[in-house]
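Take a look at the structure below.
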Amino acid sequence: MSASCGHSHDFDGTSRAYRRRLWAVIAINAAMFAVEVIAGQVAQSQALMADAADFFADAVTYAISLAVIGSSLRVRASAALFKGVSLTAMGLWVAGSTLWQVWQDAVPEAAVMGGIGALALAANVASVLLLVAFKDGDANVRSVWLCSRNDAVGNVAVMVAALSVWGTASAWPDLIVAGLMATLFLSSSWSILRQAWAERARA
């Protein structure tokens, strides 16, 4: 199947162009995970830490997706199920750690949040542009697109949170954005799990 935006839900990723782009996106996400983990700790930002967790999960997700390309529908659906469960766990972890942070008094460093948020947004826009032609496909391919889309949305939210933290001198914008990101993770995981279960049943 050609690399166009007209992929059907049966597209399984067996395309040289798709593999090359997936490798590039894995490298981008792994690098940004390392950057945001350090920056999140320095800035004491829950939103940055949530975004770092998302980068890590995405790098793992893309690696699994790459590994199962060309496998049977059952194997690909099982991989998507694993990714859906992992995304659910990450969403719950972000939600829990955000609730815990509510009881802390630290106000994040808005300047660090904004700068790293801008860098992460640039990385994710590049990833989205690389993958937009492959946004439709089986649950395995679909999960890759949803993770990339989540990253871009999350980084815009981090930058809005940084501006709000700077303007209010309060940690609440940071916590609210982290909570919204947790909700987005859980919503995406449910979408992936539903499609993966349907494909596994069909297999």
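The values are calculated or read from the model by the stated rules, or taken from the named source; none is laboratory data. The model shown is predicted, which means the values in this text are computed figures rather than measured ones. All Cβ positions, glycine included, derive from the backbone under ideal geometry; neighbour counts span all protein chains shown.
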Say whether the condition of being without any contact (Cβ under 8 Å) to a residue 12 or more places away in the chain and touching a helix residue (DSSP H, G or I) at 6+ places or on another chain (Cβ under 7 Å) is met by at least one residue in the stretch 113-121. no
Hey, among the residues in the stretch 46-85 that are among the polar types (S, T, N, Q) and outside any helix (DSSP H, G or I), which one's farthest from Glu36 (Cα to Cα)? Ser72
Reported set for the stretch 167-179 where residues are surrounded by fewer than 16 Cβ atoms within 10 Å (Cβ to Cβ) and assigned to a helix (DSSP H, G or I) is Gly167, Thr168, Trp172
Which of the residues spanning the stretch 127-144 are modelled with pLDDT of 80 or more and out of contact with any helix residue (DSSP H, G or I) (no Cβ under 6 Å at 6 or more places or on another chain)? Leu129, Val132, Ala133
Within the stretch 135-156, track down each residue that is buried (at least 24 other Cβ atoms within 10 Å of the Cβ), more than 9 Å from the chain's Cα centre (by Cα) and among the hydrophobic types (A, V, I, L, M, F, W, C). Ala139, Val141
Could you identify the single residue in Asn150, Asn124 that is in contact with an Asp or Glu (Cβ under 7 Å, 6 or more places away or on another chain) and at pLDDT 85 or above? Asn124
A careful count of residues in the stretch 36-63 that are surrounded by fewer than 17 Cβ atoms within 10 Å (Cβ to Cβ) and either of a type outside the set (A, V, I, L, M, F, W, C) or in contact (Cβ under 8 Å) with a residue 60 or more places away in the chain (or both) gives 2
